[in-house]
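Chemist: Sharing a structure here in structure tokens format.
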Amino acid sequence: MERNIVFLWICAFAIVHPVVHGHQETLPQPTASDQLPLLIKMNNDFAFHLYKRLVEMPEYQSKNIFFSPFSVSMVLSELSLGAGGETKQQLLSGIGHNSSVFSTEEMHQMFHSLLEEMDQRTGVDIDVGTALYVGDKFKALPEFLEKMKEFYHSEGFTVDFSVKETLDKMNMYVKEKTHGKIKQAVDDLESDTLMFLLTYIYFKGKWDMPFNPSTTREVIFHVDAETTVPVQMMHQYESLEVYYDAELTSKVLCLDYNDSYSMFLAVPDIKRRDKTIKDLEMAISRQHIEKWRRAVQKRKVDIYVPKLSLKTSYSLNDILKGMGMADMFTDKANFTGISEERIFISKALHKATLDINEEGTTAAAVTTVSFRPMSYSPLKTLRFDRPFMIFITDKKNDNILFFGKVVNPVEKQ
């Protein structure tokens, strides 16, 4: 009897937890490969393909969506290191790799460069990594383990999956890497598990322009035409980066974290009642994010952003199968680069959390302005009081770390 189970666990935790902004010197960044923008385009295109597949799933429709496409594409790239034949081709095609643009070896090297660069960042607290748990009776090929460590900074552990202590150690590892945000990442393990691949990303950012808690008020959030919920709405009237995307008939707000990363929020224009969040999410692409980075301009605006605390969890098996990566979940799986034993992937899971609030901004100066321009502009006020999209991106290279849609800010899921 074959014991051929591999678990994938992808944890993504955006702890957007703003505190009072203080001046911080930005260290010079190491020069990444000239081809790095090509990898980021590939990853970001994958992000939108994954999102659109996700929102098509019946169980996730009309739900909050939040995930880290970067961590998913990274784990699939890691798997391709040990895959062969059709399984490898499906993985590479699924993540959007084009061999005429760069080779698989270059792809792994670019992931390495990107991880090295992210590790050097100042101004935000970001932690990205991989852990590989290998059963003590399972013989993983040394070359695969070495490549995982070389390219993806993977930590390796030899464990006995049949004892509860292993589960406890794995949960403690995730708890430490996510700074206590996830205390119970793994609920149970099957005793015939051979290997467990865990990829995590933790992000904690400080607003450049913090919100003042004294201006937060309870308001109504319009979930849909029939449903409203009360939310705590943060408010600012400042010079902020905004843009009106006429093609998408949507208002875009860019909030920066210490001049390093940004959060983009996009909401359909309420004046165009024929346009909904569904229209926005189906039309949006990587190119729009790149355009927004160039197009946003500072202007004095009123913004209203809800406080959020979301938790999401997704089974990726059917989603990845729907993106053409089916063989790895079946007896057709070819992971001969990982082990001489026949193995397949039993489960691919993704969990993410998002917290947005104004904690720590009490000491910030409050600016009240009595006189405001009266001329009409679609960008005079940006109210995120109806479903909107959310992206956390790298200001330097537009790499999308997190991606989502807020339908109901008080739904914990």
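Chemist: Would you check which residues across the range 187-212 are over 13 Å from residue 356 (Cα atoms), in a loop (DSSP other than H, G, I, E, B) and under 21 Å from the mean Cα position of the chain (by Cα) and list them?
Modeler: Within the range 187-212, 208 is the sole residue that qualifies.
Chemist: Among the listed residues 131, 140, which satisfies the condition of being small (Gly, Ala, Ser), surrounded by 14 or more Cβ atoms within 10 Å (Cβ to Cβ), touching a residue at least 24 places away in the same chain (Cβ under 8 Å) and in a strand (DSSP E or B)?
Modeler: Answer to the check: 131.
Chemist: May I pose another question? Enumerate the pairs (first residue in the range 295-322 and small (Gly, Ala, Ser); second residue anywhere and in a helix (DSSP H, G or I)) with beta-carbon separation below 9 Å, excluding pairs fewer than 6 apart on the same chain, so at least 6 apart or on different chains.
Modeler: 322/53; 322/56
Chemist: Output the residues belonging to the range 279-318 that are within 21 Å of residue 41 (Cα to Cα) and of a type in the set (A, V, I, L, M, F, W, C).
Modeler: Within the range 279-318, 280, 282, 283, 284, 289, 292, 295, 296 meet the criteria.
Chemist: To continue, here is another question. Residue by residue through the range 82-96, note down the ones that are in a helix (DSSP H, G or I) and buried (at least 21 other Cβ atoms within 10 Å of the Cβ). Spell out the reasoning first.
Modeler: Of the residues in the range 82-96, the ones in a helix (DSSP H, G or I) are 82, 85-94.
If the condition is that a residue be in a helix (DSSP H, G or I) and buried (at least 21 other Cβ atoms within 10 Å of the Cβ), then 82, 87, 88, 90, 91, 94 are the ones that fit.
Chemist: When you check residue 303 against the structure, is it of a type in the set (A, V, I, L, M), more than 30 Å from residue 83 (Cβ to Cβ), not in a loop (DSSP other than H, G, I, E, B) and not assigned by TED's automatic domain parsing to the domain that holds residue 73, yes or no?
Modeler: So residue 303 passes the test.
Chemist: What residue, of 281, 190, 290, is over 16 Å from residue 388 (Cβ atoms) and not assigned by TED's automatic domain parsing to the domain that holds residue 73?
Modeler: Going through 281, 190, 290 in turn, the sole match is 290.
The values are calculated or read from the model by the stated rules, or taken from the named source; none is laboratory data. Bear in mind the structure is a predicted one, so any value in this text is a computation, not a measurement. Please note: Cβ atoms are built from the backbone with ideal geometry, for glycine as well, and neighbour counts cover all protein chains shown.
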